[in-house]
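Asker: Dropping a structure here in structure tokens format, bear with me for questions.
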Amino acid sequence: MSGIDPPPPQHRRLARSTRPAPRRPEKRFTGIAISRGVAIGPVFGTTEAPAEILKTKIQAADIEAEGARLDAAIVQSRRQLAKLRARLSFLPPESQEEIAPLIDAYIQMLGPSRLIRGAKRRIAETLLSAEAAVSAEADEIAAAILSRVERGMSADDRASLQRRADEVHEIARRLVRNLTRAPFRSFAGLPDGAVLVSESLRPADAALLDPSRLAGVATEEGGAEGHTAVMLRALGVPAVLGAAGLAHAIQPGDVAVVDGSDGTVVLNPTAATLAAARRAMTAFTRERQKYARLRRLPAETEDGAVIELQANLELPIELPLIAQSGAHGIGLFRTEFLFMNRETVPDEDTQAEVYRSIVEAMSGDPVTIRVLDWGGEKEIDALQSEGIVPEVADANPALGLRGIRLLLRKPELFETQLAAILRAASAGPVRVMLPMVTTVSEVREAREIYERVARRLRRRGERIAEKLPPLGIMIETPGAALAADALALEADFFAIGTNDLTAYTLAVDRGEAEVADLYDPLHPAVLRLVQFATEAALRMRMPVSVCGEMAANPKLTPLLLGLGLRSFSMNASAVPRVKQAVRAVSIDECTRFARRVMERADPAGIAELVQDFGTDPED
Ligand code: PEP
Ligand code: MG
């Protein structure tokens, strides 16, 4: 790929105003460093757009069921708030004192409050839907509070009444959102160069962000390897997730500094903080310029091993970043994002067009297209509204009907996607990849469907090559890793998904801030599974790559090379750094190093060895 101008560095997209708001003291929050780079900008708080209320009336026979719906939304809202409340303990006491009463007030309103009593009465007496009842009751309560504003009242008293009215509306909005299952975000009105601050951000919401207009993102919820994090990294937006208390501390006019490299967010920075942030931005630009020079150099170790470095792709918007990165091909095209933020599932023609445009853009470099990996935290509303997946989520979606499991149950969905991919394969080299495989029979069944789809397309007159594109699998469950030798007889290639492999091996939710410290891809259990699967593939002389976030960490490159891996796929911005790591080592030293690492059983010891690689004479 060539000829596409690199987009301007992220940090140049400065906000119109970067002056600290007067009178508000600087406040510092610590979260999880998600996506490198520093941003300064006015805060855009997604104080949730009101969800649309489509159903306003119910039948008399449904009063009880409607009350039960409201009760379920109350429980859900309480759970959300309790989680935010619990995380406040990460904050300094003075910040806790400020934010905790607000969340407590919300929680209290979800008890036997006037809002809830009134909403229930409206459901029973006026046959309003739960969402319409909550909304109407909140309007009435807020109006009653504001009617107490009197002439001659002090500004503080007026502000206090306004605040109480706002609180009623805020809790009503949360209930309505939970009742209508509306997405939490509205990016309408997001000013250029703003820092987006929110309680949480779903992967589907992240897919709507325009990185050319946004300076940075900071949220209270979210883990380091969740799909929202993956998206933000892919978009190259400086981001911090899991910063407890942040969304409830912002006020209109606030300015924020987001440091996606060290995981801090500063509200209303002092002049000194701003100056330091600007210095960090300059250093980041220099670093990017330095890496840009690596683009045309080969990814070759000191002893001449050529390493394949590819990019992961979630959205077509990333193509220029990939071109700029020096990646040779796409090692993981996550197709889920094509299905998000739309009312209906994309049909075969729509999908074929997208896949073809991406294959063409890669000008002969290979593209590995992963079929739909629905499940876990990746919600896709269109699948629900078309009745393909149940309206009510599984109790434990990460262990439910995820990935290939759903596709085999819904052959139509699977066949449509396979047909679209096979059609796009006439535009360049393509591979097809199955997510969340755990058993051999899944691969066999998928291959039968794949071949059937190809036959059908040929009958339809489509030009489908006699030899179909390779059909490979993700190794992202411990089950698949331990059955790798058997799976290697069925699959054409492996791509090791270390994100889920780590999550499932260590039983840690990858998107959960609370357990983020337990998520450790260097845990020996994870490394042993990576080693086992890699060796199974190498014995069969079958292609094997890593496409989880481990591949993007240059500190881990020597270890992965030492385990025998020669192909990596990662977010585009990581490619130059990993290339530099590849060029700095020999396979020989990596092999010796990996042997030393694999002898260790303590994650901390392994982390230390990895950190010190290159400085220790034994390497
Ligand atoms: C993985 O699990 O490592 C992976 C690459 O897949 P995803 O992040 O899309 O779940
Ligand atoms: Mg995965």
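Asker: Would you check if Val265 is closer than 29 Å to Thr30 by Cα, of a type in the set (A, V, I, L, M), buried (at least 16 other Cβ atoms within 10 Å of the Cβ) and under 16 Å from the mean Cα position of the chain (by Cα)?
Answerer: No.
Asker: Which residue pairs have Cβ atoms under 6 Å apart, sit 6 or more places apart or on different chains, and have a first residue in the range 260-271 that is in contact (Cβ under 8 Å) with a residue 24 or more places away in the chain and a second that is of a type in the set (Phe, Trp, Tyr)?
Answerer: Val265/Phe29
Asker: Is it the case that the range 435-451 has a residue that's surrounded by 21 or more Cβ atoms within 10 Å (Cβ to Cβ) and modelled with pLDDT under 90?
Answerer: Scanning the range 435-451 turns up no residue that is surrounded by 21 or more Cβ atoms within 10 Å (Cβ to Cβ) and modelled with pLDDT under 90.
Asker: I need the helices (runs of 4 or more DSSP H) fully contained in the range 143-241, keeping only those with at least 2 residues that are within 12 Å of the chain's Cα centre (by Cα) and buried (at least 16 other Cβ atoms within 10 Å of the Cβ).
Answerer: Correct list: 203-206, 227-235.
Asker: For the range 343-353, does any single residue satisfy the condition of being at pLDDT below 90 and farther than 24 Å from Asp500 by Cα?
Answerer: There is at least one residue in the range 343-353 that is at pLDDT below 90 and farther than 24 Å from Asp500 by Cα.
Asker: With respect to Glu451, determine if the residue is assigned to a helix (DSSP H, G or I) and acidic (Asp, Glu).
Answerer: Answer is yes for this residue.
Asker: Here is a follow-up. Inspect the range 371-378 for any residue being at pLDDT 90 or above and either more than 15 Å from the chain's Cα centre (by Cα) or in the same structural domain as Ala204 (by TED's automatic domain parsing) (or both) and give the result as yes or no.
Answerer: Among the residues of the range 371-378, at least one is at pLDDT 90 or above and either more than 15 Å from the chain's Cα centre (by Cα) or in the same structural domain as Ala204 (by TED's automatic domain parsing) (or both), which makes the answer yes.
Asker: Restricting attention to the range 260-286, which residues are within 19 Å of Ala574 (Cα to Cα) and assigned by TED's automatic domain parsing to the domain that holds Gly31?
Answerer: The answer is Gly260, Ser261, Asp262, Gly263.
Asker: Residues Val515, Val526, Val508: which one is farther than 27 Å from Val367 by Cβ, within 16 Å of ligand 2 (Cβ to nearest atom) and in a helix (DSSP H, G or I)?
Answerer: Val526
Asker: Report the residue count in the range 473-488 for those that are in a strand (DSSP E or B) and away from ligand 1 (no atom under 13 Å from the Cβ).
Answerer: Number satisfying all stated conditions: 0.
Asker: Right, another one. What number goes with the only condition from (1) free of Cβ contacts under 8 Å to residues at least 40 places away in the same chain; (2) in contact with a helix residue (DSSP H, G or I) (Cβ under 7 Å, 6 or more places away or on another chain) that Ala382 does not pass?
Answerer: Going through (1) free of Cβ contacts under 8 Å to residues at least 40 places away in the same chain; (2) in contact with a helix residue (DSSP H, G or I) (Cβ under 7 Å, 6 or more places away or on another chain) one by one, Ala382 breaks only (1).
Asker: Tell me, yes or no, whether the range 324-342 has at least one residue that is in a helix (DSSP H, G or I) and surrounded by fewer than 18 Cβ atoms within 10 Å (Cβ to Cβ).
Answerer: Checked the range 324-342: no residue is in a helix (DSSP H, G or I) and surrounded by fewer than 18 Cβ atoms within 10 Å (Cβ to Cβ).
Asker: Does the range 477-487 contain at least one residue that is closer than 21 Å to Arg431 by Cα, away from ligand 2 (no atom under 14 Å from the Cβ) and not aliphatic (A, V, I, L, M)?
Answerer: yes
Asker: Is there any pair linking a residue in the range 469-482 that is over 23 Å from Ile449 (Cα atoms) to one that is in a strand (DSSP E or B) and within 13 Å of ligand 1 (Cβ to nearest atom), with Cβ under 7 Å and at least six apart or on different chains, and which?
Answerer: The qualifying pairs are Ala481/Ile475.
Asker: Of the residues Leu434, Leu422, Leu383, which single one is aliphatic (A, V, I, L, M) and closer than 25 Å to Thr498 by Cα?
Answerer: Only one candidate qualifies: Leu434.
Asker: Can you say whether Val134 is assigned by TED's automatic domain parsing to the domain that holds Gly263 and either surrounded by 16 or more Cβ atoms within 10 Å (Cβ to Cβ) or more than 30 Å from Glu225 (Cα to Cα) (or both), as far as the supplied structure shows?
Answerer: no
Asker: Also: Among the residues of the range 214-228, count how many are among the polar types (S, T, N, Q) and at pLDDT 95 or above.
Answerer: 0
Asker: In this structure, does Glu318 turn out to be among the charged types (D, E, K, R), surrounded by 20 or more Cβ atoms within 10 Å (Cβ to Cβ) and assigned to a helix (DSSP H, G or I)?
Answerer: yes
Asker: Can you tell which of Ala536, Ala491 is in a helix (DSSP H, G or I) and either within 16 Å of ligand 1 (Cβ to nearest atom) or not aromatic (Phe, Trp, Tyr) (or both)?
Answerer: Going through Ala536, Ala491 in turn, the sole match is Ala536.
Asker: Restricting the search to the range 358-416, which residues are part of a helix (DSSP H, G or I), crowded, with 19+ Cβ neighbours inside 10 Å, among the aliphatic types (A, V, I, L, M) and away from ligand 2 (no atom under 16 Å from the Cβ)?
Answerer: Once the filter is applied, which keeps residues that are part of a helix (DSSP H, G or I), crowded, with 19+ Cβ neighbours inside 10 Å, among the aliphatic types (A, V, I, L, M) and away from ligand 2 (no atom under 16 Å from the Cβ), the range 358-416 yields Ile358, Val359, Ala361, Leu383, Leu413.
The values are calculated or read from the model by the stated rules, or taken from the named source; none is laboratory data. Since the structure is predicted, the reported quantities are computational estimates derived from the model, not experimental observations. As a convention, Cβ positions derive from the backbone with ideal geometry for all residues, glycine included, and neighbour counts pool all protein chains shown.
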